[in-house]
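Engineer: Sharing a structure below in structure tokens format, with a few things to ask.
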Number of protein chains: 4
Amino acid sequence: MNSEFGERIKVSIFGQSHSQAIGAVITGLPAGLKLDTDYIDSFMKRRAPGRNIYSTQRKEPDKPSVVSGLAGGYTTGDPLCVVIKNTNTISSDYTGFKDTPRPSHSDYPLFVKTGGYNDIRGGGHSSGRLTAPLCFAGAIALQILKKFGIEVGAHIYSIGGAEDTPFDMTDISPELLAKVKEKDFPTISDDAGKLMRVEIEKARLELDSIGGIIECAAVNLPAGLGSPMFDGVENKIAAAVFGIPAVRGIEFGAGFKASKMRGSEHNDPYFIKDGKIATKTNNHGGAIGGITTGMPLVFRAAIKPTPSISKEQDTVSISEMENKKLAIKGRHDPCIVPRAVPVFEAVTALAILDLMINEYGCRSISDKVRE
Amino acid sequence: MNSEFGERIKVSIFGQSHSQAIGAVITGLPAGLKLDTDYIDSFMKRRAPGRNIYSTQRKEPDKPSVVSGLAGGYTTGDPLCVVIKNTNTISSDYTGFKDTPRPSHSDYPLFVKTGGYNDIRGGGHSSGRLTAPLCFAGAIALQILKKFGIEVGAHIYSIGGAEDTPFDMTDISPELLAKVKEKDFPTISDDAGKLMRVEIEKARLELDSIGGIIECAAVNLPAGLGSPMFDGVENKIAAAVFGIPAVRGIEFGAGFKASKMRGSEHNDPYFIKDGKIATKTNNHGGAIGGITTGMPLVFRAAIKPTPSISKEQDTVSISEMENKKLAIKGRHDPCIVPRAVPVFEAVTALAILDLMINEYGCRSISDKVRE
Amino acid sequence: MNSEFGERIKVSIFGQSHSQAIGAVITGLPAGLKLDTDYIDSFMKRRAPGRNIYSTQRKEPDKPSVVSGLAGGYTTGDPLCVVIKNTNTISSDYTGFKDTPRPSHSDYPLFVKTGGYNDIRGGGHSSGRLTAPLCFAGAIALQILKKFGIEVGAHIYSIGGAEDTPFDMTDISPELLAKVKEKDFPTISDDAGKLMRVEIEKARLELDSIGGIIECAAVNLPAGLGSPMFDGVENKIAAAVFGIPAVRGIEFGAGFKASKMRGSEHNDPYFIKDGKIATKTNNHGGAIGGITTGMPLVFRAAIKPTPSISKEQDTVSISEMENKKLAIKGRHDPCIVPRAVPVFEAVTALAILDLMINEYGCRSISDKVRE
Amino acid sequence: MNSEFGERIKVSIFGQSHSQAIGAVITGLPAGLKLDTDYIDSFMKRRAPGRNIYSTQRKEPDKPSVVSGLAGGYTTGDPLCVVIKNTNTISSDYTGFKDTPRPSHSDYPLFVKTGGYNDIRGGGHSSGRLTAPLCFAGAIALQILKKFGIEVGAHIYSIGGAEDTPFDMTDISPELLAKVKEKDFPTISDDAGKLMRVEIEKARLELDSIGGIIECAAVNLPAGLGSPMFDGVENKIAAAVFGIPAVRGIEFGAGFKASKMRGSEHNDPYFIKDGKIATKTNNHGGAIGGITTGMPLVFRAAIKPTPSISKEQDTVSISEMENKKLAIKGRHDPCIVPRAVPVFEAVTALAILDLMINEYGCRSISDKVRE
């Protein structure tokens, strides 16, 4: 099992929910970047648990410690390893899940794969907690992309039936992305946000959980990133996004709605806008045939409801091969969507940076970050 | 630009719509497999153009020629290269698209990427025609998977507003998959198929095109294939599926509907069925946290309407930086969904075979194929 | 089994000695390069068989046919597939080698690996013939590197006991490299060349074969290519060079002699030469700790004597598990060293181009090739 | 820059000589292996500095801390991260080397590559210290290979002009390998070892350093590992071995001597030995055409003299572009060959394990380690 993402910039994630620490090794970083630790900290806080009633009550300081790859605060070009200690672990909660696997958790398939040697405590390496080092890596990628004027941002598109105003795909300003990021509950419409919080609270009170959709965008991308077929923008981002636990689907631009459309409706005519080539609908979502067009990259991803719920559920005993009942105690989010927002920004930024390094080379990326 | 898929079994696709030939190099194949050329031929026919009024009138014999990797009809374990000649090419149709790019084709982003050296004739390397060698490779993968009892099959889930009966995700028989494959128009319900054909014909008569959704399944997979995070089943299949031109979205199991569900509704309880561990809803679609559970793998993908339509469209002249009008002549499918069905089976089979080789090793896969 | 080299530019070799054809798919090429087919042809002729008494009498026109990746003579950026037909194949020669494997050929290990399904005719995929498409790919790489002023050249360093004048590692001119390339028998000293030819002829008359050493250099490399540890220049070139059949060792700069030296003798002091930083001995061979210094890259590789000899040899029958005698008929080179010289240039050029693309990006390499 | 080795099992090395810590992330490990920490500790001690007068006086406890990938002492199949703190760092020694680079260190090429942002303290990421986590990973690989009966061992073949008894390539017992490993100074002949120590001591007293050769073997390998061309055993081991700082050359079996031989002399006849197929000379060194034969794998690597010497040396000032003098103080080994011996065993074990997983699959390797 390998938890590595990227080709030019690689992020290799390690750690289990209840191991000594979690972290990442990031290779392929340009040398000479002054790490903006304040930015990284504030970015990681958006994902951190325990901030409000919508999230798990496990409190973790999540203080990243960079053990290599820096000298004097600047990247050296060497592999950067970040370590985040696990401090608040209550492992006894998980006794027994090996034999009576939790529905819709990976307990059972991992049991089969590892012969039962999987670390089930807190979800092990499959825990959402592993997105913390991913956010650390993503924050660095975001900092680098900013040097090129590229901004990545996401908002909660829906929670259950409550929906936010969607992005206007033809016109997404960096300012809008920045504004949404500052919110505790990242929606474009604050009214929609209130309705969503009601949905979450209702689920929590009923010992249940609820899913949602996140919409993510990247603006000011150059045209020409990506390739036809398997090394396209969509392939790369999809492969990254399914690395976020609980994602069940992804769509670009008009997405599944495109399947209901006529060509004359879905096709996205070019026109000259402010002296540049633009398109009228951005139904294509920023990439055609795997290659960026320069229009905003826009995608949405479906997130399933947290599988850990306090209601009693059916399961089996693997050793006895008999049906059983199960009630999950422990701490868990009634809805992970709000905390997942920065994780989407992180993996998207990493995927884009990877494409940028491929296209422009380590040397010119390095030159830029030192400006 | 690299058009390679897979890690243990690799398929490297080459060719442009109007180059001398298209084809693939397939590496990592087990040695000692007797290629079932009849099966491959019949599989490739399902994708071939020119069979009926729903598809492009470009007729190609699409006769694959295996130039390496075989001896006496058996695979040798060496790279297998298949070459398919392009015979029916009318390149003059494409003059002019370089400067006035077709909406929702990759003409413009490829122009930027290659400095205008892209091969625009027939869509070049971005053409749907490149799925022919992919089908060849997929047919071999399907033949190998069959030795393990694994079957992969797909159907047209919808065309525009017309919808087929969906798979019953908890109970998909190899027989159903085989039966649908035999149909000219691969739907589960023949009535639904008729409605879909009406939708396509209407679009065609209006010089337009239409999109749709394909649903694909794989049955009899062992539990334990795939990994958490980035090497999961979903990541791999998504990365493969976005290699099929015109795909705009993918979802597994309950997919985007999961975003509207409560955990108590989406969670998929285990129970003992016929002495084996099964789940009740298969809302998870066959893989949890990146790893197969042994339940049918089920996903759906959205396909956009063919961008080549005969209606006049807006575009620009790149050299003059002015708005222009464009009418596309030439041959094209009013709906590519029917022909795309075997392509989905092909990439899914390749992705699964890759996971199988990873888990069980070249040697044991080889032993099995010689049985 | 996978016969692919490179990361940014990839060459995937296919074919067996007696299959319908051999060839390569080359991905990652910049778009807009006008292929210099005359140069490629002349380069490939240096490797071609049947030119003189020192090489196998199998005559092959070795006419490469580019079936994809070009439009109007320029690279399109798409995968370039080259196919070379096998025309002159006498397969009956090889009957029987499966059960009584030829010493120091890969017959036996391949038999075990493939369960006997390996293609043994002419050495199958392990044949030196597979270096023909490698030379095609290398010639393109050489053409691209020339745009950056980089030249790669090799000479026969020794055949048996006969030795050429070695490169003066601190001062290798592009002119010297060009001059040696023009020779039928590529040595720096023509007298040494004569002695080498005597060695080969003696071996041939005694139904035997003989080995040798090739020395290869690349000049005008920029400093800073490569990385510490596993992605270094030496790792990459060694991994490429061991892809050439019959290579048994490789050494850089002072090489094995460094093991006998003191630090004060081996260390390579910097000094200012013509306003640039240079070193005094180039004992380091152009790369320190995996990274180029800007000095000439110099390495030597040992090539074993051709294993196919007409003298009777001992072997076994695999099926009978008994000792046997074997006499190899057929056509073979008494010494493959002369024909291997361009192959070394080819793989070295590919390795360097890969490092260049990594460092400077596809886009800037593309810009340069269009100048 | 990326310091990752392997495909099926991957080792990603991080850290600089004077960073907070060094370490590795190891992915692809089988689940259910009980880590033998005593074995790992004793293995790592063989490489540790400060043990005697032949090595640097920097003393490091080198206590590896496993922060992930284990549960209850058993591998979980998740990425295993090991962290080794740097405690004894004297960074002031290195001030000034950025502008006046040390001859035959990578100071200068790294300066160019990173724009001067490289971490020069203690050699940064290019330091031999980074082989400590490599040894940790290698010790695990060795533990796994032992389950298959495979043993890897190395000895000092020569130091300067003093030579050890070479391996008898046709007959290397696991017992011999074990016996040499136990020695403080790992030679086969103790007399040769004494002469070598005299060579080292002489170099040290003269403020100089000295190089040497290491010979490494692996026994009880199955036949059939590896592939023709670029994924062969020799390619993989060479790529790994050049990851060890100071390696200047590698040769397999008869190696460079093969270049002086006739085919009749170098060819390695098969014969039946104890009911099994064996070869008479093992001149081929255990692999033919990239694939193991089942005979011992034997290779030798040349190691340059430590570039850090106390004698005054010539160099330049990069900023002033003028010639300068340099005297290196600080702590360094007069000969790194003795401490490098286990590092060769480590990378060889990792390369072989990678080939084994490729051939036999994760699942069967996992089954074996749990026995």
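The values are calculated or read from the model by the stated rules, or taken from the named source; none is laboratory data. Being a predicted model, the structure only gives us computed values, none of them experimental. So basically every Cβ, Gly included, is an ideal-geometry build from the backbone, and we count neighbours across all protein chains shown. Accessible surface areas use protein heavy atoms only, side chains included; no ligands, DNA or RNA. Shrake-Rupley method; radii C 1.70, N 1.55, O 1.52, S 1.80 Å.
Engineer: Of the numbered conditions (1) on the phi < 0 side of the Ramachandran plot; (2) within 8 Å of another protein chain (Cβ to nearest Cβ); (3) of a type in the set (A, V, I, L, M), residue C:301 fails exactly one; give the number of that condition.
Structural biologist: (2)
Engineer: Right, next: If you check every pair at least six apart or on different chains, which have Cβ atoms under 7 Å apart with a residue in region C:253-275 that is aliphatic (A, V, I, L, M) first and a residue that is open to solvent by 40 Å² or more (accessible area, probe 1.4 Å) second?
Structural biologist: From region C:253-275, the pairs are C:272/D:321; C:272/D:322; C:272/D:323.
Engineer: Scan (1) touching a residue at least 40 places away in the same chain (Cβ under 8 Å); (2) away from every other protein chain (no Cβ under 11 Å) for the single condition residue A:306 breaks and write down its number.
Structural biologist: (2)
Engineer: I've got another one for you. Would you be able to tell me the number of residues in region A:333-345 that are open to solvent by less than 10 Å² (accessible area, probe 1.4 Å), closer than 18 Å to residue A:205 by Cβ and part of a helix (DSSP H, G or I)?
Structural biologist: Residues meeting the conditions: 1.
Engineer: Go over the candidates D:76, D:95, D:89 one by one and state the one that is away from chain C (no Cβ under 14 Å) and free of Cβ contacts under 8 Å to residues at least 12 places away in the same chain.
Structural biologist: D:95
Engineer: Residue under question is residue C:167, and the condition is that it be at pLDDT 95 or above, within 30 Å of residue C:66 (Cβ to Cβ), of a type in the set (Phe, Trp, Tyr) and out of contact with any Gly (no Cβ under 6 Å at 6 or more places or on another chain); does it hold?
Structural biologist: Answer is no for this residue.
Let's see how each residue does on (1) more than 9 Å from chain C (Cβ to nearest Cβ); (2) without any contact (Cβ under 8 Å) to a residue 60 or more places away in the chain; (3) not acidic (Asp, Glu):
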position	(1), (2), (3)
B:6	yes, no, yes
B:16	no, no, yes
B:24	no, no, yes
B:28	no, no, yes
B:31	no, no, yes
B:38	yes, yes, no
B:43	yes, no, yes
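Engineer: Right, here's the next one. Is it the case, given these coordinates, that residue D:319 is within 14 Å of chain B (Cβ to nearest Cβ), of a type outside the set (Asp, Glu) and open to solvent by 20 Å² or more (accessible area, probe 1.4 Å)?
Structural biologist: Spelling it out, it is not the case that residue D:319 is within 14 Å of chain B (Cβ to nearest Cβ), of a type outside the set (Asp, Glu) and open to solvent by 20 Å² or more (accessible area, probe 1.4 Å).
Engineer: Give region B:180-224 a look and list any residue that's closer than 19 Å to residue B:282 by Cα, assigned to a loop (DSSP other than H, G, I, E, B), open to solvent by less than 30 Å² (accessible area, probe 1.4 Å) and more than 8 Å from chain A (Cβ to nearest Cβ), or say none.
Structural biologist: Answer for region B:180-224, where residues must be closer than 19 Å to residue B:282 by Cα, assigned to a loop (DSSP other than H, G, I, E, B), open to solvent by less than 30 Å² (accessible area, probe 1.4 Å) and more than 8 Å from chain A (Cβ to nearest Cβ): just B:221.
Engineer: Hey, among D:330, D:361, D:294, D:286, which residue is open to solvent by less than 10 Å² (accessible area, probe 1.4 Å), touching a residue at least 24 places away in the same chain (Cβ under 8 Å) and not aliphatic (A, V, I, L, M)?
Structural biologist: On inspection, the qualifying residue turns out to be D:286.
Engineer: Taking the criterion of being over 22 Å from the mean Cα position of the chain (by Cα), in a strand (DSSP E or B) and closer than 28 Å to residue C:257 by Cβ, would at least one residue in region D:259-276 satisfy it?
Structural biologist: Yes, the conditions are met somewhere in region D:259-276.
Engineer: Mind counting the residues in region C:129-150 that are farther than 15 Å from residue C:19 by Cβ, touching a residue at least 24 places away in the same chain (Cβ under 8 Å) and in a helix (DSSP H, G or I)?
Structural biologist: 14
Per-residue answers, yes or no, for (1) within 14 Å of chain B (Cβ to nearest Cβ); (2) assigned to a helix (DSSP H, G or I):
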| site | (1), (2) |
| --- | --- |
| D:285 | no, no |
| D:330 | no, no |
| D:347 | no, yes |
| D:357 | yes, yes |
| D:367 | yes, yes |
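Engineer: Take the residues in region B:151-172 that are in a strand (DSSP E or B) and hydroxyl-bearing (Ser, Thr, Tyr), then tell me which one is most open to solvent (accessible area, probe 1.4 Å).
Structural biologist: Here the residue is B:157.
Engineer: Quick check, is residue C:237 within 7 Å of chain D (Cβ to nearest Cβ) and buried (at least 24 other Cβ atoms within 10 Å of the Cβ)?
Structural biologist: no
Engineer: Would you pick out the residues in region A:20-33 that are part of a loop (DSSP other than H, G, I, E, B) and under 24 Å from residue D:116 (Cβ atoms)?
Structural biologist: If the condition is that a residue be part of a loop (DSSP other than H, G, I, E, B) and under 24 Å from residue D:116 (Cβ atoms), then A:28, A:29, A:30, A:31, A:32, A:33 are the ones that fit.
Engineer: Looking at region A:1-19, which of its residues are hydrophobic (A, V, I, L, M, F, W, C) and outside any loop (DSSP other than H, G, I, E, B)?
Structural biologist: Across region A:1-19, the qualifying residues are A:5, A:11, A:13, A:14.
Engineer: Would you tally the residues in region C:264-274 being more than 7 Å from every other protein chain (Cβ to nearest Cβ) and buried (at least 24 other Cβ atoms within 10 Å of the Cβ)?
Structural biologist: 0
Engineer: Here's something else I'd like to know. Could you check, for region B:103-121, whether at least one of its residues is within 21 Å of residue B:327 (Cβ to Cβ), within 7 Å of chain A (Cβ to nearest Cβ) and open to solvent by less than 10 Å² (accessible area, probe 1.4 Å)?
Structural biologist: Checking region B:103-121: at least one residue is within 21 Å of residue B:327 (Cβ to Cβ), within 7 Å of chain A (Cβ to nearest Cβ) and open to solvent by less than 10 Å² (accessible area, probe 1.4 Å).
Engineer: Please state which one of A:291, A:250, A:277 is at the interface with chain B (Cβ under 7 Å from one of its Cβ atoms) and in contact with a Leu (Cβ under 7 Å, 6 or more places away or on another chain).
Structural biologist: Exactly one residue qualifies, and that residue is A:291.
Engineer: Of (1) in contact with an Asp or Glu (Cβ under 8 Å, 6 or more places away or on another chain); (2) modelled with pLDDT under 95; (3) open to solvent by less than 40 Å² (accessible area, probe 1.4 Å), residue D:87 satisfies all except one. Which?
Structural biologist: For residue D:87, the exception is condition (3).
Engineer: Show the residue pairs that are 6+ apart or on different chains and have beta-carbon atoms under 9 Å apart, the first residue being within region A:335-346 and free of Cβ contacts under 8 Å to residues at least 12 places away in the same chain, the second being in a helix (DSSP H, G or I) and open to solvent by 10 Å² or more (accessible area, probe 1.4 Å).
Structural biologist: Here the result reads none, with nothing in region A:335-346 linked to a residue that is in a helix (DSSP H, G or I) and open to solvent by 10 Å² or more (accessible area, probe 1.4 Å).
Engineer: Could I ask something else about it? Write out, first by first residue and then by second, each pair whose Cβ atoms fall under 8 Å of each other, whose residues are 6+ apart or on separate chains, and whose first residue, in region C:160-171, is without any contact (Cβ under 8 Å) to a residue 60 or more places away in the chain while the second is outside any loop (DSSP other than H, G, I, E, B) and open to solvent by 70 Å² or more (accessible area, probe 1.4 Å).
Structural biologist: C:160/D:260; C:161/D:260; C:162/C:195; C:162/C:198
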